[in-house]
Each structure stands twice: as C-alpha cells, then as structure tokens.
Amino acid sequence: MPNATVIGAGLAGCEAAWQLATRGVHVVLIEMKPHSYTPAHHSEGFAELVCSNSLRSNQLTNAVGLLKEEMRQLGSLIMRAADATQVPAGGALAVDREKFSAYITKAVSEHPNITIERREVVDFPDAPVIIATGPLTSDALAEKIASLPGLQTLNFYDAAAPIVSGESLDMTKVFRQGRYGRGDDYLNCPMNKDEYDAFYNAILTAEKADVHGFDGTQVFEGCMPIEVMAARGEMVMAFGPMKPVGLTDPRTGREPYAVVQLRAENEAGTMYNLVGFQTRLKWGEQKRVFSMIPGLENAEFLRYGVMHRNTFLHSPGFLDANYQVISRPGVYFAGQMTGVEGYVESASSGMVAGISLARQLLGMEPVDFTNLTAIGALAHHVAGCTTDFQPMNANFGLIAPYEKRIRNKQERYGHIAARALNVIEALRSNPLACDFD
Ligand SMILES: Cc1cc2nc3c(=O)[nH]c(=O)nc-3n(C[C@H](O)[C@H](O)[C@H](O)COP(=O)(O)OP(=O)(O)OC[C@H]3O[C@@H](n4cnc5c(N)ncnc54)[C@H](O)[C@@H]3O)c2cc1C
C-alpha cells in the first residue's frame, strides 16, 4: 500500500487525508494540537471552525453553493459532516461547530488507512506530502516554507466575531425572523436612527487592540472588521451586515432603521454569534459598545472577536492546478495558505490535492477539474492568476462564461451550475479519468 503524509488536521488536511485513505493510500496525519495551538484554535478536535459557524450559501446559483454540491458528488467528508450537523440558517449552511468537528475527528481517527500523530512539524517534510497547516502555520514550519527557493509569502489580516449566550438576550426587544419572510432562523436586534447614530459613533471612537504589523488596511474585503467598515462611512454598516431590508419588527410593524442579526451556534440555541461583526476592538470595548445593541444590554460574551495575521503563498507559478509544487513533484499544499479564502474553499483544495496525490501514487493520470467547475476554477486561479494575487473566495467570475448569452443573472448561474455538475458527473463515470467511487 502506498504511503503519504498530511500535515495539519484542519478543513483542508482532513479532506485531503480522507481522499487519500479512501483510495487505498496509507496516511499519516500529523496535527500539533493539543501540544501547541495557533492563536485562533482552542479545541483538541480536528477541522475546528475558527470564526463563523456558517459555510455560507447552499444555493446552486451561488458559486460557493455550487462548490459544495460538487464536493458532495465527489464524496467530501467535510460536506458530509456539515450536512449531518447543520443548524437552521435560511439559505446558508451553518453547523454546530462542536458536532461538526467531532464528526470529522471520529471519521478520520477510525479510518483504517489513517494513522494520527499529535506533534508539531518543524522541518520541511519529504514527498509524498500535503502541507495543510493553515493561515496560522506554526512559526518554525512557516520559516522553512518561506525560505523555499522561488517562493514569496504574503500576508493579510482576518478577524473573528464575538459569541454571546442565548439566555442573556433580552427577548422583549429581539425578534426571530428570516429576511423576506423566509424561515425564522435569525434573531434580529432592531435599531432606530438615534440608536444607530450612537452605536456608529461609539464604534468609531472605541479603542482597538494592537495587532502586530497591522496598519488598518490589509483586510480581506469579504470579511471586513466592523470598525473598518464604520470608518469607511456612516452608512456602510447599514448597507452591509446591519441592513434591515426584508425584516419587519413585530412590535412596530415597520422595517427597523438597522438591525444586528444573530445566528445560532448550536442546535440548542444556547450560543449566538453576531453576524458580520468580526472585530479587533479591545475586549472591554467590545462589551461596552456591543452592549449598546438593543437586546444585548446584559449580554454575556462567551467569546470575544480577535484579529490574526494570515499568511499565504504567492501560488501562481509555484503551484500547479492540482496544488502541487511545480519544482517538487509529490509535494502539495492545501487550504487557506494556497490563497483560497474560506472554509469550503480550503476544504475543496484539500480535496483536489488529496485526489491528485492518490492518483500520482497509484500510477494514474492526473485529473483536471477544468475551469468549467467551481472546484477546478478555483485551483486554476490559484495556479495561474496573472494579476495582483489576493485571497479568493469561490465566485462565478472564475468559472468559464456560459456559451450562450443569458441576461438574467440567476438564470445564467443556474446554467453554469448545471454544466459544472455535468462535468463532475462525466469525470465520476469515466473510470480512466477518475476513481471517485
Ligand atoms: C481569525 C480568522 C477568522 C476566519 N474566519 C473565517 C470565517 O468566518 N469564515 C470562513 O469561511 N473562513 C474564515 N477564515 C479563513 C479560513 O477559512 C480558515 O482559516 C480555515 O480554517 C482554513 O482552513 P485550513 O485547513 O487551511 O487551515 P486550519 O483550519 O487553520 O487548519 C490548520 C491545522 O494545522 C495545524 N498546524 C499548524 N501548524 C502546524 C505544524 N507545524 N505542525 C502540525 N500541525 C500544524 C493547526 O493546529 C490546524 O489544526 C478565518 C481565518 C482566521 C485566521
């Protein structure tokens, strides 16, 4: 039986190990927890979600929804765990983070082809290997990676949102409702104009925590800290995470001026996160300012928001479209460190790397998911981006345009999704091209 090593049991590493193991490769999966933790990880389990418990849209007309469906069809462990541990979140797929991690930890630990080692890797490993140590890779290994010839590493900053306890919310002010009457998965804290203005001013003047090297600008646009948003203009929050559209406060019968939405962290509804409120305000300031939100006056903060520096590789020209180092056959990278952004995107790169390394070890031809699929388009972008390389979410702009001109965007995306799923199906059913079952 061929052997391979996977380093890091996060979203990408667990998916990669699973793909290798299910193809008959013996995997040693090395994880440094619980001996050592990155600043964002806190639990012993694998595939720990460091911030939001949402894996974002589950709709096929959204690129990350399409990516999820492709991964389901390709036998993704991460998607199976997410579907099994989901909590209500409207059109999004959110999970109970503890059950999600426990599901994956159990599946990986019990697989007969996977051996777990709990230790920190400090030296650059030999092939065949998949390095999936994440955006907060421990210092010793990060230094070894950064010194690889021909490689440049880049940084940006990512922040997490606070979590409050369900029983500490004032339900005489908070109302349960989904936007446009779709379900009732969110709790909404309504604000009138005076409350919004006072809140906006408090955020602007609140003290921020010092984050080494952060100059206030190097953030990922899709996950912008709330105070950075506020600094961009008075109405930026109100048109962003605090937008009230599609919500009616049952106490006034009107749309509020702004809302803060809370999403359940677990099935029992004992914990809620503040949606879109990733932040680097000092912890005392978070308590003071976020307690101004109607319904959160006496909120118990179970976890405060924090900001961390993310490191990623300048992958174009360094990795191929299977996430393999071009100059080092058998050495792959996977996850957020390759320049993909997000939980599902990280897992998808682990999937491609795992399938590709397995095929290489089994003497099979490489597989190309092509830029007709979301999973392939992301991998091709990482390998071949020719402009300023920045962390990238799944999006329809990466996928090859639809052959026929269709004006309606949703309809066009529907066709692109159907075409992508046909490509995946064709790959699955062609035994020479793939070994997906
Ligand atoms: C603060 C923060 C907030 C984020 N918020 C979100 C969000 O809300 N939504 C979203 O979609 N994405 C978010 N991201 C981005 C990204 O999706 C996550 O970082 C995701 O966890 C990346 O998956 P991964 O598998 O690449 O790395 P990770 O999930 O970080 O897994 C890496 C694993 O490798 C281990 N490890 C590290 N170094 C070593 C070593 N030397 N030896 C052995 N093991 C090692 C770590 O302990 C960890 O278990 C956030 C990132 C950060 C840093």
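Numbers at a glance
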item: Of the criteria (1) closer than 30 Å to MET337 by Cβ; (2) in contact with a helix residue (DSSP H, G or I) (Cβ under 9 Å, 6 or more places away or on another chain), which one ALA202 fails; result: (1)
item: Filter result for GLU15 (touching a residue at least 12 places away in the same chain (Cβ under 8 Å), closer than 21 Å to GLY276 by Cα, under 14 Å from the mean Cα position of the chain (by Cα) and buried (at least 22 other Cβ atoms within 10 Å of the Cβ)); result: no
item: Options GLU265, GLU285: the member that is touching a Phe, Trp or Tyr at 6+ places or on another chain (Cβ under 9 Å), closer than 21 Å to ALA160 by Cβ and of a type in the set (Asp, Glu); result: GLU265
item: All positions within segment 397-413 that are surrounded by fewer than 10 Cβ atoms within 10 Å (Cβ to Cβ) and either more than 17 Å from GLN59 (Cα to Cα) or among the hydroxyl-bearing types (Ser, Thr, Tyr) (or both); result: GLU403, LYS404, ARG405, ARG407
item: Any hit, segment 126-139, residues being over 17 Å from the mean Cα position of the chain (by Cα), surrounded by fewer than 21 Cβ atoms within 10 Å (Cβ to Cβ), within 10 Å of the ligand (Cβ to nearest atom) and in a helix (DSSP H, G or I); result: yes
item: Hey, ALA358 closer than 29 Å to ALA21 by Cβ, modelled with pLDDT of 90 or more and loosely packed, with under 14 Cβ neighbours inside 10 Å or not; result: no
item: Residues within segment 321-333 that are surrounded by 16 or more Cβ atoms within 10 Å (Cβ to Cβ), touching a strand residue (DSSP E or B) at 6+ places or on another chain (Cβ under 9 Å) and assigned to a loop (DSSP other than H, G, I, E, B), tallied; result: 2
item: Subset tally (residues that are part of a helix (DSSP H, G or I) and either buried (at least 20 other Cβ atoms within 10 Å of the Cβ) or touching a Pro at 6+ places or on another chain (Cβ under 8 Å) (or both)) for segment 179-199; result: 3
item: Strands (runs of 3 or more DSSP E) contained entirely in segment 18-123, each with at least 2 residues that are under 19 Å from GLY8 (Cβ atoms) and within 14 Å of the ligand (Cβ to nearest atom); result: 26-31, 114-118
item: Selection status of SER349, modelled with pLDDT of 95 or more, within 19 Å of the chain's Cα centre (by Cα) and buried (at least 22 other Cβ atoms within 10 Å of the Cβ); result: yes
item: Evaluation of GLY384 against (1) closer than 24 Å to ASN62 by Cβ; (2) modelled with pLDDT of 95 or more; (3) open to solvent by 40 Å² or more (accessible area, probe 1.4 Å); (4) in contact with a Gly (Cβ under 9 Å, 6 or more places away or on another chain) (one fails), failing number; result: (2)
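The values are calculated or read from the model by the stated rules, or taken from the named source; none is laboratory data. Since this is a predicted model, take the numbers as computed values, not measurements. Glycine also receives a Cβ, built like all others from the backbone with ideal geometry; neighbour counts cover every protein chain displayed. Keep in mind that these areas ignore ligands, DNA and RNA; they rest on the heavy atoms of the full protein, side chains included. Shrake-Rupley method; radii C 1.70, N 1.55, O 1.52, S 1.80 Å.
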